[in-house]
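Notes follow the structure.
The values are calculated or read from the model by the stated rules, or taken from the named source; none is laboratory data. Predicted model, so just to flag it, every value in this text is computed and none were measured. Counting neighbours? That spans all protein chains shown, and the Cβs are built from the backbone with ideal geometry, glycine included. Note: areas computed on protein heavy atoms with side chains; ligands, DNA, RNA excluded. Shrake-Rupley method; radii C 1.70, N 1.55, O 1.52, S 1.80 Å.
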Amino acid sequence: MLGKIILAGGMVSVLTGGVGGFLTEFQSAIYVLVPAGVLMLTVGAVQSLNTPDE
C-alpha cells in the first residue's frame, strides 16, 4: 500500500516538475521535482515489489 502511495506521489512530482519547468522554460527551480519524482517512482516500485498487498 505504501509503495502505491509513493508511486502516485512520484508521478505527480514528475508531471508537476515537467509542466512547471516547460512553462518557465526550465529557468525555475520547480524542475528539481523531476529527478525527485523519478527517485520516488523507483523507491515506490521497489517498495510495492517487496511488500505483498494486505
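I need the full set of residues from segment 1-18 which are surrounded by fewer than 16 Cβ atoms within 10 Å (Cβ to Cβ), assigned to a helix (DSSP H, G or I) and either among the aliphatic types (A, V, I, L, M) or over 13 Å from the mean Cα position of the chain (by Cα) (or both), in order please.
Leu2, Ile5, Ala8, Met11, Val12, Leu15
Report every pair of residues separated by at least 6 positions or lying on different chains whose Cβ atoms are under 9 Å apart, first residue within segment 2-13 and over 8 Å from Leu41 (Cα atoms) and of a type in the set (D, E, K, R), second assigned to a helix (DSSP H, G or I) and open to solvent by 20 Å² or more (accessible area, probe 1.4 Å).
From residues that are over 8 Å from Leu41 (Cα atoms) and of a type in the set (D, E, K, R), the pairs are Lys4/Gln47; Lys4/Ser48.
Looking only at residues in segment 19-30 that are surrounded by fewer than 16 Cβ atoms within 10 Å (Cβ to Cβ) and in a helix (DSSP H, G or I), which one is modelled with the highest pLDDT? Outline the logic, then answer.
Going through segment 19-30, the residues surrounded by fewer than 16 Cβ atoms within 10 Å (Cβ to Cβ) turn out to be 19, 22-29.
So of that shortlist, the ones also in a helix (DSSP H, G or I) come out as 19, 22-23, 29.
Details: Val19: 88, Phe22: 82, Leu23: 84, Ala29: 77.
Across segment 19-30, the extreme among qualifying residues is Val19.
Looking at segment 31-50, which of the residues that are under 9 Å from Gly17 (Cβ atoms) and aliphatic (A, V, I, L, M) is most open to solvent (accessible area, probe 1.4 Å)? Before the answer, list the steps.
Filtering segment 31-50 for residues under 9 Å from Gly17 (Cβ atoms) gives 31-37.
Then drop every residue that is not aliphatic (A, V, I, L, M), which leaves 32-34, 36.
Values: Val32: 98, Leu33: 63, Val34: 30, Ala36: 45 Å².
Of everything passing the filter in segment 31-50, Val32 is most open to solvent (accessible area, probe 1.4 Å).
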